[in-house]
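The values are calculated or read from the model by the stated rules, or taken from the named source; none is laboratory data. These figures come from a predicted structure and were not determined experimentally. Because the Cβ atoms are built from the backbone with ideal geometry, glycine has one as well, and the counts that use them run over all protein chains shown.
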Amino acid sequence: MTKKELALEVIERLKREYPDAGCTLDYDDAWKLLVSVRLAAQCTDERVNIIVQDLYKYYPDLNSLAEADVEDIERIVRPCGLGKSKARDISACMKVLRDEYNGKVPDDFNLLLKLPGVGRKSANLIMGDVFGKPAIVTDTHCIRLVNRIGLVDGIKEPKKVEMALWDIIPPEEGSDFCHRLVFHGRDVCTARTKPYCDKCCLEDICAKAGI
């Protein structure tokens with residue numbers, strides 16, 4: 001089985017296993033997803049979803065968050081860790097969106113990358129979830145699972161994993177595929193315990209099942 005054939009089989013099996021998988025960060029506007037994905041670095045999505053409720057209680061729209069003192073933002077987001085740098089990036093990003101994009105999040109990948117605090121993972125998440133465009137989000141679950149399954153061979157650098165997956169994942173499947181990897185990585189192919197290969201829908205095609 002080629003890697004492309006393996007990828008298609010994995011996609012179909014994960015679709016059956018997690019038909020409704022989607023982004024686990026709560027948001028109702030594109031700028032809020034930008035805020036949440038920045039806060040999610042080295043923090044759980046569950047905690048981020050709680051913290052942003054307090055943030056938006058004080059700053060309910062993009063303009064108010066752009067005008068907020070960085071220290072006030074930091075005080076609220078500190079429980080997510082790395083509070084100082086996250087608050088600085090969020091403040092700067094909101095200011096750019098307000099001043100250069102009329103308060104709208106651009107739907108161009110390269111423009112997203114120019115926003116403060118936005119890397120490839122964040123930009124891909126926005127492209128896929130907000131704008132419905134081809135995207136591959138190489139978070140820690142994605143990188144661990146695609147190596148384990150055998151879709152990539154010993155590649156750990158996020159951008160290199162992303163580029164390798166673009167070659168074998170149909171563009172229209174990339175975003176949902178990565179969301180399903182997150183669910184599978186949390187429930188079955190876990191990082192902190194031995195993976196539960198005996199209840200994995202990919203056991204018979206996984207390169208490292210049982211190891």
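Kindly check whether there is at least one residue in the stretch 122-134 that is at pLDDT 95 or above, surrounded by fewer than 16 Cβ atoms within 10 Å (Cβ to Cβ) and under 29 Å from I211 (Cβ atoms).
no
Would it be correct to say that V105 is part of a helix (DSSP H, G or I), at negative phi and among the hydrophobic types (A, V, I, L, M, F, W, C)?
no
Starting from residues that are in a helix (DSSP H, G or I) and of a type in the set (D, E), keep the ones in the stretch 174-203 and report whichever is farthest from the chain's Cα centre (by Cα).
Per the stated criteria, the residue is D198.
Just to verify a result, which residue in the stretch 75-103, among those that are in contact with a helix residue (DSSP H, G or I) (Cβ under 7 Å, 6 or more places away or on another chain) and more than 25 Å from T140 (Cβ to Cβ), is surrounded by the most Cβ atoms within 10 Å (Cβ to Cβ)?
Among those residues, the one meeting the criterion is M94.
Would the stretch 13-25 turn up any residue that is among the acidic types (D, E), under 21 Å from the mean Cα position of the chain (by Cα) and surrounded by 14 or more Cβ atoms within 10 Å (Cβ to Cβ)?
Yes: one or more hits.
I'd like the residue in the stretch 168-206 that is acidic (D, E) and touching a residue at least 40 places away in the same chain (Cβ under 8 Å) and, out of all such residues, is farthest from D20 (Cα to Cα).
Selected residue: E173.
Could you please tell me which pairs satisfy a Cβ distance under 6 Å, a separation of 6+ or placement on different chains, a first residue in the stretch 82-96 that is assigned by TED's automatic domain parsing to the domain that holds V118, and a second residue that is surrounded by fewer than 17 Cβ atoms within 10 Å (Cβ to Cβ)?
A87/V70; R88/V70; D89/P116; S91/V70; A92/P116; C93/P116
For the list (1) touching a Cys at 6+ places or on another chain (Cβ under 7 Å); (2) closer than 20 Å to D28 by Cα; (3) β-branched (V, I, T), I need the number of the one condition that V188 fails.
Of (1) touching a Cys at 6+ places or on another chain (Cβ under 7 Å); (2) closer than 20 Å to D28 by Cα; (3) β-branched (V, I, T), only one is false for V188: (2).
Residues to consider are A209, A135; find the one that is farther than 17 Å from G22 by Cα, in contact with a helix residue (DSSP H, G or I) (Cβ under 6 Å, 6 or more places away or on another chain), of a type outside the set (D, E) and in a loop (DSSP other than H, G, I, E, B).
Criteria check complete, one pass: A209.
Which of (1) part of a loop (DSSP other than H, G, I, E, B); (2) closer than 21 Å to F183 by Cβ; (3) assigned by TED's automatic domain parsing to the domain that holds D45; (4) not polar (S, T, N, Q) does L125 not meet, given it meets every other one?
Among (1) part of a loop (DSSP other than H, G, I, E, B); (2) closer than 21 Å to F183 by Cβ; (3) assigned by TED's automatic domain parsing to the domain that holds D45; (4) not polar (S, T, N, Q), L125 violates only (1).
Could you tell me whether any residue of the stretch 25-40 is touching a Cys at 6+ places or on another chain (Cβ under 9 Å) and more than 18 Å from V130 (Cα to Cα)?
Checking the stretch 25-40: not a single residue is touching a Cys at 6+ places or on another chain (Cβ under 9 Å) and more than 18 Å from V130 (Cα to Cα).
Taking interchain pairs and intrachain pairs at least six residues apart, which have beta carbon atoms under 8 angstrom, with the first residue in the stretch 138-151 and assigned to a helix (DSSP H, G or I) and the second at pLDDT below 95 and surrounded by 21 or more Cβ atoms within 10 Å (Cβ to Cβ)?
Hits for this filter: R148/P195.
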